[in-house]
Amino acid sequence: MIDTMQIAASDPKTKRLHCSECGMNYISLQKYLDHINKHTGAKPYVCQICNKQFVTLPYLKNHQKLHSAERQFICEICGKAFKLKNNLQMHELTHSKEKPFKCDECDKSYTHPSNLKIHKQEHLGIKPFQCEQCGKCFRTTNRLKMHQISHTGEKRFNCQMCGKNFTNNTKVKRHQSYHCKALKEKECPAPALEEIYNPPFHTTTERKPSDEPMNNLAVNNVE
C-alpha cells in the first residue's frame, strides 16, 4: 500500500512530501496527493455537468473548458479557434506537415497521437467497435458510423459532378474517378464538369465559332 504522506527525512527543512512508490518529491500537499492518485487510480474530482471523473484537479479544470462555448486559442495561420491549448498545438502540426508521432513497428508517422493509436490497432488486429445489427467490427467509431448507414440505406454523400448520391464518401470518390477518366477521354456526360472539377490532366481547348452558348441559341430560335 502506498504511503499517502511520507516526509523525506533527508531534507527536514523543506519537509518535502516523498512518494515511496516512485521517489518523486513535492512541496505542495495538493500536487502530492494528485500524484498519489495516479498510482492508486483514484479519481476524486468529478465534473458536475457530465459526472466524468479525473485523477487531478487541473485535469478536471481542463475538461470543464469543453463544456464552455468560449474558444480562446486561435490558429494564427487559418483563424480556426479551439477550447484547449493542446488542441491548437495539435492543429498547428497540420500546417507544418510535421508528423512527430511515429509507429515503432513500421515507417508510418502521424500528426496526432490518437491517429497513431488507431494505426497501432492494425498491427494488433484490434477492432473494438461493433455494429449491433450485423456484428461486424471496426477500428474506429467513424468507420462504424459509415457502415451503419449501409443498414439504413441513407445516401447523404453527393457527387458534385452529376448529382448522384451514395451511402459513403469512399463510393463517391470511386464514382468521381470515372468522371475523371471520362474527362481525360473527352467522353464525360456530366454537365459543366470542367468548371466543377479540374484534375491535373485537364487542358483547356479553344472554343470553335460554332460553339455558341446554349442561352444564345435558345433566344435565336424564338420567333
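Read-outs: derived from the displayed coordinates by stated rules, not from any lab. None of these values were measured; they are calculated from a predicted model. No Cβ is skipped: glycine too gets one built from the backbone with ideal geometry, and neighbour counts run over all protein chains shown.
Which Cα, out of Gln89, Gly79, Gln64, lies furthest along the positive dipole direction of the stretch 45-141 (beta carbon charges, K/R +1, D/E -1)? After comparing all options, I get Gln64. Highest average first, the peptides 38-48, 112-122 ordered by how many other beta carbon atoms sit within 10 Å of their residues are 112-122, 38-48. The lysine pair tally for the stretch 73-124, using Cα distances under 18 Å and a gap of 8 or more places or different chains, is 9.
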